[in-house]
1. Which residue fluctuates the most in the chain, going by a Gaussian network model with Cα springs under 10 Å, if the choices are LYS37, LYS86, LYS48?
2. Starting from the eigenvalues of the Cα gyration tensor, five times each then square-rooted, give me the equivalent ellipsoid semi-axes of the range 4-97, largest first, whole Å.
3. How many lysine pairs does the chain hold where the Cα atoms are under 13 Å apart and the two sit 8 or more places apart or on different chains?
4. Count charges around ASN65 for me, please; just the other residues with Cβ under 10 Å from its Cβ, Lys/Arg as +1, Asp/Glu as -1.
5. Quickly work out the LYS48-to-ALA22 label distance, labels modelled 7 Å from Cα along the C-beta direction, and quote it in nm with one decimal.
6. About the Cα centre, and with charges only on the beta carbon of Lys, Arg (+1) and Asp, Glu (-1), how big is the dipole of the chain? Nearest 20 debye, please.
7. Cut-off is 10 Å between beta-carbons; in what order do PHE53, PHE81 appear when sorted fewest neighbours first?
8. Report the Rg/Rh value for the range 38-86, based on alpha-carbon coordinates and the Kirkwood definition of Rh.
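Values quoted throughout were computed directly from the atomic coordinates according to the rules given, and no laboratory measurement underlies them. None of the values given here were measured: they were computed from a predicted structure. So basically every Cβ, Gly included, is an ideal-geometry build from the backbone, and we count neighbours across all protein chains shown.
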Amino acid sequence: MKSLPATIVMNGLGQAIAMELASATPKPDNGDKKAHKKIVDIIETWLKKVNIFTDSNDLIYNITNATQDEYILAQIETLEFLGWLKKLAQAKVEVNEN
C-alpha cells in the first residue's frame with residue numbers, strides 16, 4: 001500500500017488498480033496476495049460510498065467506462081482516501097506496539 005499512491009500518480013488509477021489485481025490471484029494463498037485484492041476491494045467500496053461509481057460491482061468496468069471527469073474525480077478521491085487509510089493503519093500499528 002505504501003507505493004500505491006505514487007503508482008496512481010505516475011500511471012493513473014486504472015493502471016494502478018490493474019497492477020494490484022495482477023498481483024493477486026483468484027484464490028490468494030498468502031498474506032501479500034490477499035492484501036493486494038483487499039486494497040482494491042476497499043477502494044471500490046469507498047468509491048461507491050461517496051457515489052463516484054455506482055453502476056457496477058466491478059471497479060475496472062467503472063474505471064474504463066467513466067467519463068474523463070469521473071475518472072479524475074475517482075483518482076483524486078482514491079489518493080485522498082489512501083492518505084487517510086495510511087494514517088489509520090499507522091495509528092493502529094502504534095497502538096498495537098504499546
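1. Highest fluctuation among the options: LYS86.
2. 22, 17, 12
3. Qualifying lysine pairs in the chain: 4.
4. -3
5. Here the answer is 2.6 nm between the modelled labels.
6. So the magnitude is around 340 debye.
7. PHE81, PHE53
8. Reported Rg/Rh, Kirkwood definition of Rh: 0.93.
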